[in-house]
Every structure is written in C-alpha cells, then in structure tokens.
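The values are calculated or read from the model by the stated rules, or taken from the named source; none is laboratory data. Computed from a predicted structure; not experimentally measured. Heads up, the Cβs are rebuilt from the backbone with ideal geometry, glycines too, and the neighbour counts pull from every protein chain shown. These area figures cover heavy atoms from the full protein model, side chains too; ligands, DNA and RNA do not enter into them. Shrake-Rupley method; radii C 1.70, N 1.55, O 1.52, S 1.80 Å.
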Protein chains: 2
Amino acid sequence: MITQREIARRARTSLKTVSRVINRDPLVNAETRARIEAIIGELGYTPSQAARMMRSQKSNVIGFISDRVATTSSSIELIRGAQDAAWKAGKQMMLFNVERNSETERHAEEQLAAFRAEAVIYATPYHQSVDRTATRIPCVLLNCFDAVGGYHAIVPDDYRLAYELTSIILDRSYRRPVFLNLPEDIVAAPLRARGFVEAGAARGLDLSGAVHTAVVRDSAGAPVFIADHILPGLMAAAARPDLILCGQDMLAMNVYFALADLGLKVGQDVGVASFDNLHPIAKMLQPGLSTMALPYYEMGAAAMFAAIELDTHPPGIVRVSGRFVERASF
Amino acid sequence: MITQREIARRARTSLKTVSRVINRDPLVNAETRARIEAIIGELGYTPSQAARMMRSQKSNVIGFISDRVATTSSSIELIRGAQDAAWKAGKQMMLFNVERNSETERHAEEQLAAFRAEAVIYATPYHQSVDRTATRIPCVLLNCFDAVGGYHAIVPDDYRLAYELTSIILDRSYRRPVFLNLPEDIVAAPLRARGFVEAGAARGLDLSGAVHTAVVRDSAGAPVFIADHILPGLMAAAARPDLILCGQDMLAMNVYFALADLGLKVGQDVGVASFDNLHPIAKMLQPGLSTMALPYYEMGAAAMFAAIELDTHPPGIVRVSGRFVERASF
DNA sequence: CTGAAAGCGCTTACAG
DNA sequence: CTGAAAGCGCTTACAG
C-alpha cells in the first residue's frame, strides 16, 4: 500500500509537504506541488481515512439509523436526501437499517460509537413517537419525535397538510367530502382529522361527522383496508359524498377498486384525493391520483444539516409542509 | 475520550492485557478479565475502529454501490440481504446510492478506496449489462453482469423464471396465453420470451406468435405501458386469449385497468400472471396478483458472501431462480 | 499468563 | 515555503 512517506521519497521532499498538497494548503511551492500531484495521480494514491480519523480526532461520520425505513419507496427518499446532503458537506453517512429495540439497533449504535460518529439521524417510516433515552451519540429524529422532548425532530405538518388539501378540494366546489382516515393511534390521524374539519369550518361547512376510520389491523398488527366495507353504505346515502379523501395512497387504491365494484367512475362520478404520492402507485392508478406529497427528500437533507450543526442550534421540532400533486382523480 | 491505556491504568494492568480482553484472547487470568470487563462496562468504552483498521491493516469494510437501486421497493431487498449478511460475517457494509458514470459514482469509489474497502458490490435496479473497467477494488456484480466477463455476478435466471411460470399456467389448463413483454433491449425480455415459448413447446403448444411488446419509451426514455392499446384488439379476436402474462407487476396493474375498461373481470373472464411480486402493488391489486417473485434478499446476501470470499472462488455468473407467489389472478 | 516496545499512516504543533 | 518530531489508539511481534 502506498503511503505519503513513499510519495515524499519519490518526490524528493518531506512527508509533511505531501500532506500539505493533499490537504490543499496554499503554502506550497507551485513546482513542488505539481511534482507531488503528478506522482499521486500516477500511483492512484488515496489517503487512508482510518489514519486521518485517528490523528485528527475527527470522524466526519454521521450515522443514519432507519427503523425499517428502507422498505417503503417513499421513505427511501429520506435516505437519499440525507446522503446527498452529507456528500455536499464532506461527511460520510453510515446507514443501518434496523428493527426498533432489537439486536440490530444495538449493533448499529455500537458500530457508530466505534467509528466515533459525530451525530446520528434516527428515522422511522411514518410519523410517530419514539422513546430514545440511552444513546451516547447526539441525535436528530426524522419523521418521528420524542414525547419527552429535548431532541431535534423533523416531522410532517399533518394538520396543515390536511387543511391545505381540504381547502383545495372545497375551492373546487366539492361540498360533501368524506375522510377515510388511518387508525386513530397513528399520530397523523387526529391531526389530519382536525385539519380536515377546520378547513371545512373556515368555509362554513360542518365536516365533523364526515371522518371515518377505514384501516384496521389484523391479529398480527398488519394494516387491513376496509374501504370496500365502508363505501357501499356511504355511497348509498341520499346526499352521496362527492369526494373521498383517503388517509394514504394505498387506501386510495383500495377505494378505487371499491368504487369500481359499485359501478362508480373515479374523477367523474366521485372525486378521490389522498396523502403520500406513493411511487409508483399514485401515478399508475387510472385515473392518476391527485395527492398531497410529503417532501421526504428535503426532510432527509434537513435532518442531515441539523445533525452536522447539532451543537450550534437549540433543539426543537420542525414541521414541514407538503406539495399538492395534481393528476386526474378530482 | 477513553482509551485502552486509561482502562489499563484503572485496572492496574497493562494496555496489552486490556487489548486481549477486548479481543477475546483466552489467555487472560479470569479475575483480571472480570476486573477489566467491569471497568469497560462502567465507562461504556468501545474500541476505536479507526485505530484498529490502521494498526491491523484490515478495514473489514465491504462497499455497496447501488445504481439507483434504492428507489424501487423490491430492489431495496438487495440492500437488506447484503447488510444482514455483512453483519453476520462481522463486516461493515458501506452503502452509496449513485447514478451510473456520474460524479456520485466516482465519489463512492473514492470513499471506499479511502476506507480501504476489501471488496465492492455493484448493484443495479434490474437485470442488465454493465461496463466496469477502471476499479481498484475487487468487485461482485449484483443484478447485472459484465459483457466482457471476468467478474463475479449474481443475476436472476430469467429464462427459467419464465419457463416455470408458463409451466404452472399451462398445467392449470390455460391454452391461449399471451405474453405482454418488456422492451426487447431489456436483458430479461428475450430470455423470458424464450422460456415462455419453450415451455409451450414442451407441452405441444406453439406460443411463438403470442409474444407482444407492451412497454415503450417516451422521449425522455421513461417507460410507458401500452396494454390499453394492445388489449382491445387481442381480446376481440375469435380465439380470445385466456391469460395475460405480464413482463412486470406495474404492467400488470396497467392490464387490470385495461381489462376493466373492456368489461372483463381478472381471474374470472381472463387470467393475469406476472413477474416481480412488487410491494405493495401485487398484494393491493384486486384480485391479488399471482406473480413470480425474484429472491432479492437472498441475492443480496449471496453477493455479500461472494464479496467476502472473493479471492477463494473463481469468478462466474450465478443465476438464481424465483418463487411463485400465488394469489387470485389466475 | 503478562507486558514493554514498535509502528500502522497520517496530522498537529512547532521550529526554522 | 519546508521539515523533523511527536503522537492519535490501537495491534503485532517478541520476550519473558
């Protein structure tokens, strides 16, 4: 393995001067610099990160612990955003996909401690509360928050997401929307219900009776979509809903099939709106699903920047808003 | 920061003995060991990975360069499989999501060189040919292969996947299947077409006229599904197809909508089969899509094991078979 | 079973 | 503008 000492020998100069060239110290004679750079290029030399870390007492490593994030395509964007931000900042991101409170999580924390990571981003696949107590490494929470507080956290502003989406819906003259919501123990569910109802109230509409839970759990805790059970009754009413707002795009897909079974055409007989912009479902549905996208990429990037500048900012929760993606479902 | 020297001082022993305890060297007095372990636990000490790498001249790092793999949910499994295998082998996997031949790829290679990675896995989001020449680090190709050869490569056995799926279809008495295939420049397409036709021939059926390309590209190169253009003609024929085999699950979704437009019920009027088992689409379609799953998790794990034992095995292409996931679409 | 010495490949701190 | 010395925190190689 080539070292700076070897390069110095070949360039007939000292180890230290080679180090200066590599670290872009301007105080090097131009000719000497050129000679050294030529040799480095020729030999394909790259300085040892391990030696640098050790001597400089700086790892430049930021950890990213993802609680099963890497299994849904939208939350992958959290990782991409963080990775790109790390690159721009000259940091090395180390990713660990774990299951919460399992051995995998302990392993990740240990590896990050061994690498002397400067900070850690802890991400969850959907907005939820977590309980982080026993970590040695400073932490930024992403898509989750700690009930006790005291952490930096970046989460979607679910209330606002629902308020804005409902406003768009009502501005298009829909007057009898129903909201097929996620289970109430999901953090987003009550926040969105409130946004939905308050956006209605702001336009003189009472939507408080128009919120239904359309996702339940099976015995294993896996989500089961029951739009096909709920919609027949709802759509048979005298004042039939003119739009179905869905708690997530997967539920919207379930709604598409349920409406087809009822002989109703999405976008014509009844509007459908949703949250997520889940790739590739939102686009592949026919008609394409108009939905509120969460800016996962930007959230990941924001978390990385927060992690890098952790000590210079006071902790707090940042709520990010979304972007309406218009297709053809309402 | 705590060091082994500090622990040795507190335990009234030498640095070397502490090192022995940490590295599970059995030649340590039990009492001394207990004393040292107690102090380590108390202080929450973790040995510096940087120092270990440097002194032992062994990084224990395996790189994973993914060419946009981290954007489709099925190929995420490649990453999970590799990560878990690395963990089991006591290796540290370093992941880089890149775009091929871009600056991001060069950055990844440089970082991995700086960390003195022992090997690299290069993964693509679907089976394809790549051109890898200028790398210093030994490499395993995952879901791709090098036309020139000389690399370890792990790829799906597309011919066999199609042969087996077609055999299942024909064994269920379908007699007029059509294959809506991917574009011909996709590596999998001709292999699967051959598997389809040969499985038919093995049962005395000539399927050579039953293969159609149902995915084209727009001006930007993005895939466009055209089942809705192809199916009306096909389904109007006197000898109407009794099953549509789709080149991928997203195309199958397109087919579901096209068949609905024609007033045909999937699973009753006509069967649908596919390749991928794409999460969550295959499961969310109604009826659920019966499809040939690619074992991405296992492929990722196999690539990691190959990367770890790179020099002890001769290079070659490993073709992996799939697993039929039965739902209700045929 | 234990330990003193050397050294991995760099950067730091200092002296010219 | 340049360089000699020290040392980051470990493991290796060796000697008891």
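Please indicate, with yes or no, whether at least one residue in segment A:211-226 is in contact (Cβ under 8 Å) with a residue 60 or more places away in the chain and part of a loop (DSSP other than H, G, I, E, B).
Applying the first criterion (in contact (Cβ under 8 Å) with a residue 60 or more places away in the chain) to segment A:211-226 yields none.
Taking every residue of segment A:211-226 in turn, none turns out to be in contact (Cβ under 8 Å) with a residue 60 or more places away in the chain and part of a loop (DSSP other than H, G, I, E, B).
Just give me the residues in segment A:203-258 being within 14 Å of chain B (Cβ to nearest Cβ) and among the hydroxyl-bearing types (Ser, Thr, Tyr), in sequence order.
Selection gives A:Tyr256 alone.
When the residues of segment A:20-35 are filtered to those that are surrounded by 15 or more Cβ atoms within 10 Å (Cβ to Cβ) and closer than 24 Å to B:Met54 by Cα, which remaining residue is nearest to DNA strand C (Cβ to nearest atom)?
A:Ile22
Which of the residues that make up segment A:84-108 are within 11 Å of another protein chain (Cβ to nearest Cβ), more than 10 Å from A:Phe64 (Cα to Cα) and in a helix (DSSP H, G or I)?
A:Asp84, A:Ala86, A:Trp87, A:Lys88, A:Glu103, A:Thr104, A:His107
Just give me the residues in segment B:299-320 being open to solvent by 40 Å² or more (accessible area, probe 1.4 Å), of a type outside the set (A, V, I, L, M, F, W, C) and at pLDDT 95 or above, in sequence order.
Answer for segment B:299-320, where residues must be open to solvent by 40 Å² or more (accessible area, probe 1.4 Å), of a type outside the set (A, V, I, L, M, F, W, C) and at pLDDT 95 or above: just B:Arg319.
Residues of segment B:259-284 being within 12 Å of chain A (Cβ to nearest Cβ) and either buried (at least 24 other Cβ atoms within 10 Å of the Cβ) or more than 15 Å from A:Ala260 (Cα to Cα) (or both), which ones?
Step one: list which residues in segment B:259-284 are within 12 Å of chain A (Cβ to nearest Cβ), which gives B:259-261, B:263, B:265-266, B:276, B:278-284.
Within segment B:259-284, B:Asp276, B:Leu278, B:His279, B:Pro280, B:Ile281, B:Ala282, B:Lys283 qualify.
State all residues of segment B:94-114 that are open to solvent by 10 Å² or more (accessible area, probe 1.4 Å), within 19 Å of the chain's Cα centre (by Cα) and closer than 18 Å to B:Asn60 by Cβ; if no residue qualifies, say none.
Once the filter is applied, which keeps residues that are open to solvent by 10 Å² or more (accessible area, probe 1.4 Å), within 19 Å of the chain's Cα centre (by Cα) and closer than 18 Å to B:Asn60 by Cβ, segment B:94-114 yields only B:Leu95.
Filter segment B:11-25 down to the residues that are of a type in the set (S, T, N, Q) and within 8 Å of DNA strand D (Cβ to nearest atom) and list them by number.
Hits for segment B:11-25 are B:Ser19, B:Asn23.
Mind telling me which of the residues B:Ile62, B:Ile76 ends up being more than 10 Å from every other protein chain (Cβ to nearest Cβ), crowded, with 18+ Cβ neighbours inside 10 Å and within 36 Å of the chain's Cα centre (by Cα)?
Answer to the selection: B:Ile62.
Show the residue pairs meeting these rules: Cβ distance below 9 Å; 6+ apart or different chains; first residue within segment A:8-22 and outside any helix (DSSP H, G or I); second residue among the hydroxyl-bearing types (Ser, Thr, Tyr) and near DNA strand D (Cβ under 9 Å from one of its atoms).
Listed by first residue and then by second, the contacts come to A:Ala11/A:Thr17; A:Ala11/A:Thr32; A:Thr13/A:Thr32.
Name the one entry in A:Ala162, A:Ala123, A:Ala114 that is in contact with a helix residue (DSSP H, G or I) (Cβ under 6 Å, 6 or more places away or on another chain) and within 26 Å of A:Ala239 (Cβ to Cβ).
It is A:Ala162.
Residues that are away from DNA strand C (no atom under 16 Å from the Cβ), in contact with a helix residue (DSSP H, G or I) (Cβ under 6 Å, 6 or more places away or on another chain), within 30 Å of A:Thr291 (Cβ to Cβ) and modelled with pLDDT of 95 or more: does segment A:92-100 have at least one?
Checked against the condition, which is being away from DNA strand C (no atom under 16 Å from the Cβ), in contact with a helix residue (DSSP H, G or I) (Cβ under 6 Å, 6 or more places away or on another chain), within 30 Å of A:Thr291 (Cβ to Cβ) and modelled with pLDDT of 95 or more, segment A:92-100 yields at least one hit.
Answer yes if at least one residue in segment A:47-63 is more than 13 Å from DNA strand D (Cβ to nearest atom), over 26 Å from B:Phe96 (Cβ atoms) and either in a helix (DSSP H, G or I) or touching a helix residue (DSSP H, G or I) at 6+ places or on another chain (Cβ under 7 Å) (or both), and no otherwise.
No.
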